[in-house]
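The values are calculated or read from the model by the stated rules, or taken from the named source; none is laboratory data. What you see is a predicted model, and the numbers here were worked out from it, not measured in a lab. All Cβ positions, even for glycine, are placed from backbone atoms using ideal geometry, and neighbour counts span all protein chains on display.
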Amino acid sequence: MPVELACLQYHLWPSLVVALMSIKEHMAEGSIQNVNLGDTYTDYMIQGLQPGTEYTVTVNPVFGAIEGPVVTRKATTLSSSTVQMLKATDITVNSVMVLWNSVPGATGYRITWGPTPEFFGRDRPRQLTLNSSTTAYHLRNLAHNTEYMISLYVLFGSVEGPGITITARTSPLGYVSNFKVTSPTSTSLFLSWSAVPAATKYKIIWKPAGEGQERGPVKSHLLDSRVLAYRLENLLPDTHYAVSIRAVFGGSEGSGITLTHRTGENLSFPLLSVTPVTATPFSMSSSPFTLPTAVSHASRVTFSHLTKNLAPSATISGPICSKFRADIVFLVDESSSIGQGNFAKLKDFLFHIVSYFPKIGPEGTQIAVAQYSDEPRTEFLLNQYRDRNGVLKAVKKLHYMGGNTKTGRGISYVLKEIFQVSKGMRPAVPRTLVLLTDGRSQDDVVPPAQVAHFIVSG
């Protein structure tokens with residue numbers, strides 16, 4: 001029974017003509033209040049009662065000046081029939097979370113929401129009935145930067161108790177922060193930014209911005225809200241680009257942020273190949289790729305430098321051959337100085353190397369690939385593929401990120417994350433680490449290289 005009201009239901013006597021009915025309430029202090037009703041009433045709401053109080057209610061029919069038999073019932077009002085706490089939290093550009101306290105005896109709740117008069121026309125009024133166990137509801141698909149009036153009513157069967165009302169204003173459309181353009185190459189720019197709450201997508205727009213190129217083609221791309229970094233590819237070398245990003249909220253777009261950045265000069269170099277030799281230094285050369293027919297059982301650490309002057313690299317203790325079992329890890333430099341075009345050539349280089357090993361798997365040669373720039377990452381482990389076609393398909397899927405040249409970190413990563421028995425390394429077979437890089441490391445490479453030589457040759 002709601003606070004300050006009670007609902008009585010009774011039936012007309014079918015064999016009698018009811019003129020008036022008298023309802024009596026016995027108040028807590030003993031006083032009696034009466035109300036006379038017409039013969040059309042079958043229920044009545046008594047208001048002005050005290051919460052948590054027992055009342056005796058009598059109903060008797062009246063026939064002219066004669067009162068009929070009396071029916072008496074006792075009922076206690078609830079200690080509370082209104083929501084004491086209603087608040088709005090987790091407000092975004094298009095949603096509001098509404099919380100309230102549970103009301104004992106309630107059979108449900110009715111929640112209504114719509115723009116306040118100042119914001120009429122921004123959205124339509126809506127309402128929803130919820131079950132009695134619900135004490136929170138997420139209002140969605142709201143208009144941004146709009147004040148809403150939110151009301152909650154308690155239901156007791158078919159009777160609706162008093163409501164409580166609050167207001168809440170959605171946030172304005174947000175803009176992307178920490179937008180950066182880094183790791184430029186001759187044909188690409190790497191973009192990164194911070195997440196925007198409630199954004200459903202990000203829209204990137206770019207076009208040439210150099211002198212005489214103001215009317216160049218404008219391109220755009222939509223990204224999922226989980227993506228916080230993206231590389232623009234196929235750009236013109238040595239060209240200024242205006243790059244903008246804006247958060248998308250359903251059908252609306254936030255304010256855009258624009259940066260101007262220049263791509264690097266075209267510093268491409270020809271595809272290089274490795275010619276291994278026994279017990280002598282080897283170097284990157286432009287000659288066709290060849291594999292020797294002899295093999296040494298000794299393990300080796302191979303450091304291959306993709307340099308324009310074709311400088312020799314560290315020595316190795318024996319040649320590579322496909323006829324014997326071996327675990328070979330290729331550590332591939334994907335720093336910004338490589339460039340997208342040369343990275344594609346490097347992938348072709350790896351593809352040709354792998355194709356010279358007819359038996360790949362646990363009974364032959366196992367191959368793994370890791371890439372590195374600022375942070376290294378594993379592309380696939382030694383025991384991940386059991387045939388040559390699997391490795392070749394994985395090599396084709398390698399993608400370029402750009403960044404700094406942290407070779408020492410890359411070597412340490414391979415020793416810790418790939419050259420491990422738990423990751424597929426076989427203790428009883430020769431092990432080879434092949435490093436493919438284009439120049440000087442930006443961190444200390446000597447200590448991890450020494451450790452690599454000890455571990456791989458051990």
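Would you please name the residue that is surrounded by the fewest Cβ atoms within 10 Å (Cβ to Cβ), looking only at residues in the range 352-384 that are under 20 Å from Ile418 (Cβ atoms) and aromatic (Phe, Trp, Tyr)? The extreme case among them is Phe380. Of the residues making up the range 418-458, those that are touching a residue at least 60 places away in the same chain (Cβ under 8 Å), among the β-branched types (Val, Ile, Thr) and either under 20 Å from Leu350 (Cβ atoms) or in a helix (DSSP H, G or I) (or both) are Ile418, Thr432, Val434, Thr437, Val456. Could you tell me whether Leu415 is crowded, with 16+ Cβ neighbours inside 10 Å and either among the acidic types (Asp, Glu) or not in a helix (DSSP H, G or I) (or both)? Here the answer is no, as Leu415 does not meet what is asked. Considering only residues that are among the acidic types (Asp, Glu) and under 16 Å from Ile328 (Cα atoms), which ones fall in the range 417-455? Result: Glu417, single match. Set side by side, the residues Ser252, Ser244 differ, and just one is surrounded by fewer than 16 Cβ atoms within 10 Å (Cβ to Cβ) and within 29 Å of Ala198 (Cβ to Cβ), which is Ser252. A count restricted to the range 159-187 and to residues that are out of contact with any Cys (no Cβ under 9 Å at 6 or more places or on another chain) and farther than 30 Å from Ile205 by Cα stands at 10. Here Tyr400 meets each of (1) of a type outside the set (Asp, Glu); (2) part of a loop (DSSP other than H, G, I, E, B); (3) touching a residue at least 60 places away in the same chain (Cβ under 8 Å); (4) farther than 27 Å from Thr187 by Cβ with one exception, condition (4). The one condition from (1) over 24 Å from Thr200 (Cα atoms); (2) assigned to a loop (DSSP other than H, G, I, E, B) that Thr72 does not meet is (2).
For the range 178-198, filtered to residues that are among the small types (Gly, Ala, Ser) and without any contact (Cβ under 8 Å) to a residue 60 or more places away in the chain, the residue that is farthest from Met401 (Cα to Cα) is Ala195.
For Thr89, the stated conditions hold: it is within 15 Å of Tyr137 (Cβ to Cβ), surrounded by fewer than 16 Cβ atoms within 10 Å (Cβ to Cβ) and not hydrophobic (A, V, I, L, M, F, W, C).
Check the range 55-72 and report whether any residue there is touching a residue at least 60 places away in the same chain (Cβ under 8 Å), in contact with a strand residue (DSSP E or B) (Cβ under 7 Å, 6 or more places away or on another chain) and not assigned by TED's automatic domain parsing to the domain that holds Gln33. Please lay out each step first, then the result.
If we filter the range 55-72 for residues that are touching a residue at least 60 places away in the same chain (Cβ under 8 Å), which is where we start, we get 71.
Applying the additional criterion that residues be in contact with a strand residue (DSSP E or B) (Cβ under 7 Å, 6 or more places away or on another chain) yields 71.
Now narrow it down to the ones that are not assigned by TED's automatic domain parsing to the domain that holds Gln33: none.
No: zero hits.
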